[in-house]
Amino acid sequence: MLDTARPRRSVLYMPGSNTRALEKARGLPADSLILDLEDAVSADAKVAARGNIMKAIEDGGYGYRELVVRINALSSPWGYGDLAAVSRSSADAVLLPKVESADMIRQAEAVMITNGASPDMKIWAMMETPLGMLRAEEIAGASPRLGALVMGTSDLAKDLHASHTRDRMPMMTSLGLCLLAARAFGLAILDGVHLDLRDDAGLEYSCRQGVDLGFDGKTLIHPRTLGIANEAFAPSPAEIEWSVKIIEAHGAAMAEGKGVAVFEGKLIENLHVENAQRIVAMAAAIAERAEAESAA
């Protein structure tokens, strides 16, 4: 299955200093978990939080949930130790904060290799500064190990002196640059957080907007928001049905030796089939997860 077809509808930040939260996360309906050593952890708790996260990963029990560890910057007192520890773990990916160049990706990759990271362990990049936006293409193409771009819209808004508006117009240039870079290099890309936990309607609007823009999922800061993101970023029944019909029509046309397929008056090309296959694969993965949850 294409990596971008892996469900990442809901990607929940979990503070590494909170062992109760790390335990609770094993039962939450999040597609991915970002176990956080950076913003969510105070300076005096960072070393202990690293131990908490490494133990939680070692103990397991997270099922299908993708485990990503956000480390402190390599320029900080904790960054190298964070990355070395993650590299020796079974985490799926490491999330680098405030990425502003390809060299930052390559530096992290060198540390990972030195510390025995699995070839399958990915690097995710936080995109949260003006310089990061301007260098999105360079960053996205930095390494085959790069798996995803993660929008850090809170820090970005601060640096831009921009307002948090419902339509997010102040963010559109930045979001667009990162979306273009991610898709050009076959990466997943995740939308930034919605800060107001009392505003369910605003969160739903932001999720729907993220779907329309082309994001794979939403980063979240509270478990109560998981359901809204999961629903918004999942293929609808109509999309799934249409995708299955497109795949079948194209397959039948190819079997008959036809160069093109026409379905319900619409020309079906390879690009439509590829997107349909991605949707069907994602729907199957979501259904598999739901079945696993109900059996647990």
Checklist entry - Name the residues in region 114-167 that are surrounded by 13 or more Cβ atoms within 10 Å (Cβ to Cβ), in a loop (DSSP other than H, G, I, E, B) and of a type in the set (Gly, Ala, Ser), would you? => result ALA117, SER118, GLY141, ALA142, SER143, GLY152, ALA162
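Going by the structure shown, is GLU66 in contact with a strand residue (DSSP E or B) (Cβ under 9 Å, 6 or more places away or on another chain) and of a type in the set (D, E, K, R)?
Values: in contact with a strand residue (DSSP E or B) (Cβ under 9 Å, 6 or more places away or on another chain): yes; of a type in the set (D, E, K, R): yes.
Taking the combined requirement at face value, the residue satisfies it.
Kindly provide the set of residues from region 115-155 that are β-branched (Val, Ile, Thr) and either at pLDDT below 95 or in contact with a helix residue (DSSP H, G or I) (Cβ under 8 Å, 6 or more places away or on another chain) (or both), ordered by number.
Answer for region 115-155, where residues must be β-branched (Val, Ile, Thr) and either at pLDDT below 95 or in contact with a helix residue (DSSP H, G or I) (Cβ under 8 Å, 6 or more places away or on another chain) (or both): ILE123, THR129, ILE139, THR153.
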Checklist outcome for this item: For ALA249, the lone unmet condition from (1) buried (at least 22 other Cβ atoms within 10 Å of the Cβ); (2) not assigned by TED's automatic domain parsing to the domain that holds VAL68 is (1)
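With polar (S, T, N, Q) and closer than 20 Å to ARG8 by Cβ as the only criterion, which of SER294, SER206 stands out?
Details: SER294 fails: closer than 20 Å to ARG8 by Cβ.
Only one candidate passes the filter, namely SER206.
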Item to check | Count of region 264-284 residues which are surrounded by 16 or more Cβ atoms within 10 Å (Cβ to Cβ) and either at pLDDT below 85 or within 22 Å of the chain's Cα centre (by Cα) (or both) | outcome: 8
Checklist entry - Identify, please: which residue in region 61-102 is among the hydroxyl-bearing types (Ser, Thr, Tyr) and part of a loop (DSSP other than H, G, I, E, B) and is, among those, modelled with the lowest pLDDT? => result TYR64
Checklist entry - Can you tell me which of ALA93, ALA73, ALA48 is under 30 Å from ALA232 (Cβ atoms) and in contact with a Gly (Cβ under 9 Å, 6 or more places away or on another chain)? => result ALA93
Checklist entry - Name the pairs: first residue in region 86-101 and more than 12 Å from GLU38 (Cβ to Cβ), second residue polar (S, T, N, Q) and modelled with pLDDT of 95 or more, Cβ to Cβ under 7 Å, at least 6 apart or on different chains? => result SER87/ASN115; ARG88/ASN115; GLU100/THR129
Next on the checklist: For ALA261, only one of the following conditions fails: (1) out of contact with any Ser or Thr (no Cβ under 9 Å at 6 or more places or on another chain); (2) surrounded by fewer than 20 Cβ atoms within 10 Å (Cβ to Cβ); (3) at pLDDT below 95. What is its number?
Outcome noted: (2)
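Restricted to region 1-28, and to residues that are part of a loop (DSSP other than H, G, I, E, B) and at pLDDT 95 or above, which residue is farthest from ILE286 (Cα to Cα)?
Step by step, filter region 1-28, then rank; the result is SER17.
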Item to check | Hits in region 30-60 (condition: surrounded by fewer than 19 Cβ atoms within 10 Å (Cβ to Cβ) and at pLDDT below 95) | outcome: ASP39
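Please pick out the residue among SER243, SER154, SER236, SER163 that is within 15 Å of MET126 (Cα to Cα) and either free of Cβ contacts under 8 Å to residues at least 60 places away in the same chain or of a type in the set (A, V, I, L, M) (or both).
Values: SER243 fails: within 15 Å of MET126 (Cα to Cα); SER236 fails: within 15 Å of MET126 (Cα to Cα); SER163 fails: within 15 Å of MET126 (Cα to Cα).
The conditions single out SER154.
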Item to check | Residues satisfying the stated conditions in region 176-203, i.e. part of a helix (DSSP H, G or I) and either in contact (Cβ under 8 Å) with a residue 40 or more places away in the chain or more than 18 Å from VAL11 (Cα to Cα) (or both) | outcome: GLY176, LEU177, CYS178, LEU180, ALA181, ALA182, ARG183, ALA184, ALA201
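The values are calculated or read from the model by the stated rules, or taken from the named source; none is laboratory data. What you see is a predicted model, and the numbers here were worked out from it, not measured in a lab. Please note: Cβ atoms are built from the backbone with ideal geometry, for glycine as well, and neighbour counts cover all protein chains shown.
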